[in-house]
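The values are calculated or read from the model by the stated rules, or taken from the named source; none is laboratory data. Since this is a predicted model, take the numbers as computed values, not measurements. Note that we place each Cβ from the backbone using ideal geometry, even for glycine, and neighbour counts take in every protein chain shown.
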Amino acid sequence: MARTRARTRRKIAAPRPPQGHARKPAQRAGAVSIGGWDPAALGGVASSIATADFYPTLMRTVAATLGADLAMVMRYSRHSAPDYVVQDDLEPEHIELYRGGLYRVDPVYRLCRSGEPRGVYTLADVTTPEERSGDYFNVFLALTGMADDLVVLFPGPAGTSIGLAYERKTVFRRREVTRLRQIYPLLEGLQTAHERLMLAKLASLERSPDKPIRIVDHRGQGIFESKSWQRALIDNPGALAKLNALDGEAPVSLELAPGLVLHAEPLDAGFALAPNGRLLLLETANDGLPPLDYGQATVRFLEDRLTPRERDIVGLMLLGFPTLKVAERLGLSLNTIKNHKKRLYHKLDITTERELFLNFVSYLFGQR
């Protein structure tokens, strides 16, 4: 398991409330536990769904119930080395030791490389007796002062797994593991809801429900892509070469093909699907139409079909003046204005001011 160690060997604190939420007591008087689990703590996990607090809150809730001495959230992949998602109180040199190659003998990493495991796993579940008597366990456990490991695995997209890893100075008892396995379906449901809503939030960055989106991890490995992303690349084969050459971590906007713009945004370390990865968005470029002066547009509207006086009347009508005010502005009688309106309506084959306005809107869209 991800054997990096804390600076101090203390019990994991109770879950920190999400930002904007008041801290809740560990157990309210008279509250009924759910198989030994605090309903208030589970409610805190649920309320943190689709926020950056979800995995830290979930990790600490389980850690507090288990009485773990060390906890972390890991992302395992069948295609790349593991990543740390949450790493409270871990020594940087221990993280580098694990990332530098120790992960290759991590039994959980091996398990995740061979399939898409889900559930609660102890050391006995993922190792043989010979392995447990080997140097990896004896030397490293003696070095760190830990006696047992346990991991809760959730399946993710594109061959990934999210693991809540816990270590303790005393062995996890069978009834503790059983209790955790009994609550696992609820924890998995919360995790699934969180990931779905996180993806939905990404998709909602644009109005289109099927927006061209791709998520890659920090190594460039694809984690998720929408169907419209695939279609966009099929329709623009020349864009793929530029996409593959994309490098760097800063936000960027790049024209991949005529009329096709790529926006790349970094994801933070707390985005469990792809910690420190990138969100790629494809947008069809649209220069739009140049601005028009409304007053000038009303003057030019129908200039080849109406007399100057009729255009004066239409211009004032499009500016919102009623018939009486049009007459006053032009110094004409009300009947004269009405007669002009009848003639221009006949020329335009319309009967109402609404139709006149719709014709004007069509004219605006046709101007360049």
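Take the residues in segment 230-247 that are of a type in the set (D, E, K, R) and at pLDDT 70 or above; name whichever of them is nearest to R278 (Cα to Cα).
It comes out as K242.
Six or more apart or on different chains, Cβ under 8 Å: which pairs go from a residue in segment 98-117 that's in the same structural domain as Y76 (by TED's automatic domain parsing) and touching a residue at least 60 places away in the same chain (Cβ under 8 Å) to one that's assigned to a loop (DSSP other than H, G, I, E, B) and of a type in the set (D, E, K, R)? Could you list them?
Here the result reads Y98/R3; Y98/D106; L102/R3; D106/R3, each pair linking segment 98-117 to a residue that is assigned to a loop (DSSP other than H, G, I, E, B) and of a type in the set (D, E, K, R).
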